[in-house]
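Presented below is the structure to which this report refers.
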Amino acid sequence: MRLTVREALRSFRRAPVLSLLAVTTIGFALFVLGLFGLVALNLRATLSGLAERVEIVLYVTRGTPVEIVTIAIGDIQAFPEVDEVEYVTEDQALERARQELTEFQGVYSDLETNPLPASLEIRLKPGFRDNEHVTAVAERLQGFRFAEDVRYGGDWVEKLDRLRSIAAAVGLVIGAAFGAAAVIIIGTTIRMTVLARGREIQLMRLVGATDGFIRRPFLLEGAIKGALGGALALVLNYVAYAAVSRALFEAAFFSAGQAAAFLLFGTLLGLAASAASVNRHLPAT
Amino acid sequence: MIRFSKVFKAFTKDSLALKDISFRIARGEFVFFTGHSGAGKSTVLRLIYADEPPTSGTVWVLGSHMHEVSRREIAGLRRRMGIVFQDFRLLEERTAEENVAFALEVTGARHNAISPKVMRVLTQVGLAAKAHAYPRELSGGEQQRVAIARALVNDPVVIIADEPTGNLDERATRGVVQLLRDINAMGTAVIMATHDLSIVRPTSYRTVELQDGAIVFDSGEGQVPMTSGA
């Protein structure tokens, strides 16, 4: 183990420029990957913010006794998808219209009778704010006899759904592409090290070292390079995040757990890439 | 200890590097393989330390049939051999001591056992005082002594030396040959390939002469060579 660590570190000492170049290149590949992760993270936060606004409005037929509506609210609240139900009376609806639609303030204040119906505003629990669930709940609400109309912005919810699946698919494809680029870069740097140390590897073989023994320092070297590249990428990502947050809008950054997972990903990537490279090039040396 | 039986070796389709080679080498023996360059001396040695498999025929080394050994078994076999080359093959950025220790380290030797063993063999080859010198600070003869120390450090059954004096002046050559004789006197077999008959002639060791990949002369165990082919 001692020798494995020493040999792996020796490679950094012996070719500092090459090692630095490798770590930097891996760092940049992972940086782009991380940048994409940040975009995905912020997009998800924005989408879930939008999804929070998904709401179903049930307009109550004029003249429906309040007791019936109250009982119905209890029933609706018992739906597994429903988070909360708000009862907006006719007067509250008018008050809201006066406040929100300032340009029509004059029209609303001159009214002799209130034209606005009472309504129930139903918000769904997270995880149910997609087209399928919203439509299902809306259909169930239409079954209430006092329901004059049920609105839920079907088009809008559908678009939100589509946006979500596109974001997930693009994230997967681009993430895989940059992940593959990072693997190739790490593999190439390890290959250069294997070839540069061909003489030493040959000598190790001649004095009776097993392939596993020869391989270990390279694997450790790949893992270290991957971890250092991951750390560099995290720093670069933080700089990018800070710049965007200061200049454009308040963005979100990785949580401590996500950052640790990112580092671990870099390390495993380095390990896997060097394993593939060593397995391919070791028999030839 | 080593047996070749009807061994052929071809690196290309058209030419044979070894033709119908058969011989036996016993434990503790000192054998010279002689011949001009390209005669097949190095190929015989490479077959012994499993750097190349025979094309046909059988090669037995230390109880293993070289056609059937796995890479892992080859590693195990090489730990029982010490190999010395004409170009020394020392690692330039390591000291003499580190070069010798390297052979022990890669075989997984216990850390605290390494240093005393290294100093013992460096003393044996007369280089204890230069343990901390880098190869570039040593003469050719001294570098070859370090290489021999590295070959010795695993207590091998046999030392395989491929033209170990090829890069050395006369004085250094004499020193290295004497060192190999001393090692042999302590019971380790030595197989040495050389084209330099001035090394072979004054000794009574067994000589096997190769020409164009075939054995043209074998003095037999402990015989003084009668013909040299020079």
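The values are calculated or read from the model by the stated rules, or taken from the named source; none is laboratory data. Fair warning: this is a prediction, and the values are worked out from it, not measured in the lab. Don't worry about glycine lacking a Cβ; one is built from the backbone with ideal geometry, like all the others, and counts go over all protein chains shown. Calculation scope for accessible area: heavy atoms of the full protein, side chains included, ligands and nucleic acids excluded. Shrake-Rupley method; radii C 1.70, N 1.55, O 1.52, S 1.80 Å.
Points to keep in mind about this one:
- Of all residues in region B:82-113 being outside any helix (DSSP H, G or I) and small (Gly, Ala, Ser), the one that is modelled with the lowest pLDDT: B:Gly108
- For region A:221-238, the count of residues that are more than 26 Å from A:His281 (Cβ to Cβ), surrounded by fewer than 21 Cβ atoms within 10 Å (Cβ to Cβ) and among the β-branched types (Val, Ile, Thr) is nonzero.
- Scanning region A:3-33 for residues that are over 10 Å from A:Glu221 (Cβ atoms) and polar (S, T, N, Q) yields A:Thr24, A:Thr25.
- Among the residues of region A:116-143, those identified as under 27 Å from the mean Cα position of the chain (by Cα), open to solvent by 50 Å² or more (accessible area, probe 1.4 Å) and of a type in the set (Lys, Arg) are A:Arg123, A:Lys125.
- A residue that is in a helix (DSSP H, G or I), more than 30 Å from A:Leu232 (Cα to Cα) and touching a Leu at 6+ places or on another chain (Cβ under 9 Å) occurs somewhere in region A:44-62.
- Those residues of region B:95-130 which are within 11 Å of another protein chain (Cβ to nearest Cβ) and of a type in the set (A, V, I, L, M, F, W, C), in sequence order: B:Val100, B:Ala101, B:Phe102, B:Ala103, B:Leu104, B:Val106, B:Ala109, B:Ile114
- The number of residues in region A:166-214 being within 14 Å of another protein chain (Cβ to nearest Cβ), surrounded by 19 or more Cβ atoms within 10 Å (Cβ to Cβ) and more than 23 Å from B:Glu73 (Cβ to Cβ) comes to 1.
- Restricting attention to region B:81-94, the residues that are more than 7 Å from chain A (Cβ to nearest Cβ) and of a type outside the set (S, T, N, Q) total 9.
- Count - residues of region A:247-266 that are open to solvent by 40 Å² or more (accessible area, probe 1.4 Å) and either more than 26 Å from A:Phe36 (Cα to Cα) or in a helix (DSSP H, G or I) (or both): 9
- Test: B:Ser37 is closer than 24 Å to B:Ser204 by Cα and hydroxyl-bearing (Ser, Thr, Tyr): yes
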